[in-house]
1. When segment 94-112 is examined, which residues are found to be within 16 Å of ligand 1 (Cβ to nearest atom) and either part of a helix (DSSP H, G or I) or farther than 28 Å from R18 by Cα (or both)?
2. Quick one: which of F140, F163 is among the aromatic types (F, W, Y), touching a residue at least 40 places away in the same chain (Cβ under 8 Å), in contact with a helix residue (DSSP H, G or I) (Cβ under 6 Å, 6 or more places away or on another chain) and open to solvent by less than 30 Å² (accessible area, probe 1.4 Å)?
3. Exactly one of these conditions fails for K60: (1) under 27 Å from A112 (Cα atoms); (2) in contact (Cβ under 8 Å) with a residue 24 or more places away in the chain. Give me its number.
4. Considering only segment 73-93, how many residues are within 12 Å of ligand 1 (Cβ to nearest atom) and in a helix (DSSP H, G or I)?
5. Exactly one of (1) of a type in the set (G, A, S); (2) modelled with pLDDT of 95 or more; (3) surrounded by 12 or more Cβ atoms within 10 Å (Cβ to Cβ) is unmet by S95. Its number?
6. Return a yes/no flag: does segment 104-125 have any residue that is assigned by TED's automatic domain parsing to the domain that holds C168, under 24 Å from Y29 (Cα atoms) and open to solvent by 70 Å² or more (accessible area, probe 1.4 Å).
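The values are calculated or read from the model by the stated rules, or taken from the named source; none is laboratory data. Just so we're clear, the structure is a prediction, and the values are computed from it rather than from any experiment. For neighbour counting, all protein chains shown are included, and Cβ atoms are generated from backbone atoms with ideal geometry for every residue, glycine included. Areas reflect the complete protein model, heavy atoms only, side chains present, ligands, DNA and RNA absent. Shrake-Rupley method; radii C 1.70, N 1.55, O 1.52, S 1.80 Å.
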Amino acid sequence: MTLADYVEILQAEHRMERVYPFEFEGKSYWLKQPEHPHGIQRLLKPFSRAAFRREIQRIKWLILHKAPIPPVKIINSHCLVMEDAGHNVRFWLESDITAAQKQRILDDCAKALADLHEHGIVHGRPLLKDILWQDGKVSFIDFEAVSHSHKLIWQKMRDALLFIYGVCREKTTPAQIQRTIDTFVCYEDSRVWHYALALVKKYRFLYYLLLPFKPLAKTDLLAFYVLFETLLAKFL
Ligand SMILES: Nc1ncnc2c1ncn2[C@@H]1O[C@H](COP(=O)(O)OP(=O)(O)O)[C@@H](O)[C@H]1O
Ligand SMILES: [Mg+2]
């Protein structure tokens, strides 16, 4: 039986699963399929097949441009099979590896994102659950569809802020966040970082506006506070 035959069986058995990890001939893979929204989700996500087709187009473009994504084994309008490229970085940060190992992973990711940008590629939403790490190798998954309405530098700046936001959102210490920013700044085009800081400065009123709600805030908003506090401190 070939990998494609096996995947066909898996697709029939796991039709409703968005992503499904499996083994074939001793190797690990991930199957991804269009979402099958239920109930109210059907109204909220009516175009899941079209979204999947856009994702496939994006991946074909990324393969062509040799982007650091996991090796793609099967790609068509109803299924994507990639080799397993390690745990996502959120998993690593929650695991019981040492603080030094966690920092190494964060530094590797910061360098990998700057490198991606240097090759003229943006991710769109580089949160840590969509960055994989295995033995020093970083792979990106789940890219957003490209926006043609913004300049590349604006998209890189957005990537930078979302990446740092993602680092703030996990169980990271201020020192880990700062070091990851320093690594990123060291490798990234300085205009991107300059632009990001200018944007944070411009929107700092949002931080002050939301500050009274800090005691009530949940993870997503707390990360927003940490992001602003870390970056605004650069102006003091
Ligand atoms: N090739 C892969 N190697 C390792 N883990 C993967 C791979 N593809 C997906 N995953 C895991 O599955 C999760 C969901 O995959 P993703 O493509 O981001 O789907 P979704 O669009 O539903 O977020 C990822 O956060 C990651 O942990
Ligand atoms: Mg994802």
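1. Going through segment 94-112, the residues within 16 Å of ligand 1 (Cβ to nearest atom) turn out to be 94-95, 105, 108-109, 112.
Selection gives E94, I105, D108, C109, A112.
2. Values: F140 fails: in contact with a helix residue (DSSP H, G or I) (Cβ under 6 Å, 6 or more places away or on another chain).
Every option except F163 fails the conditions.
3. Status for K60: all satisfied but (2).
4. 4
5. With (1) of a type in the set (G, A, S); (2) modelled with pLDDT of 95 or more; (3) surrounded by 12 or more Cβ atoms within 10 Å (Cβ to Cβ) applied to S95, the lone miss is (3).
6. The answer is yes; a qualifying residue exists.
Table: residues versus (1) over 19 Å from A145 (Cβ atoms); (2) within 15 Å of ligand 2 (Cβ to nearest atom); (3) assigned to a loop (DSSP other than H, G, I, E, B); (4) of a type outside the set (D, E, K, R).
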{"position": "W30", "(1), (2), (3), (4)": "yes, yes, no, yes"}
{"position": "E35", "(1), (2), (3), (4)": "no, yes, yes, no"}
{"position": "R49", "(1), (2), (3), (4)": "no, no, no, no"}
{"position": "I59", "(1), (2), (3), (4)": "no, yes, no, yes"}
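So that you can scan it fast, the table gives a plain yes or no per residue for (1) at pLDDT below 95; (2) over 16 Å from K102 (Cα atoms); (3) of a type outside the set (V, I, T):
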| site | (1), (2), (3) |
| --- | --- |
| V122 | no, yes, no |
| K129 | no, no, yes |
| K137 | no, no, yes |
| M157 | no, yes, yes |
| A160 | no, yes, yes |
| F163 | no, no, yes |
| V167 | no, no, no |
| I181 | no, no, no |
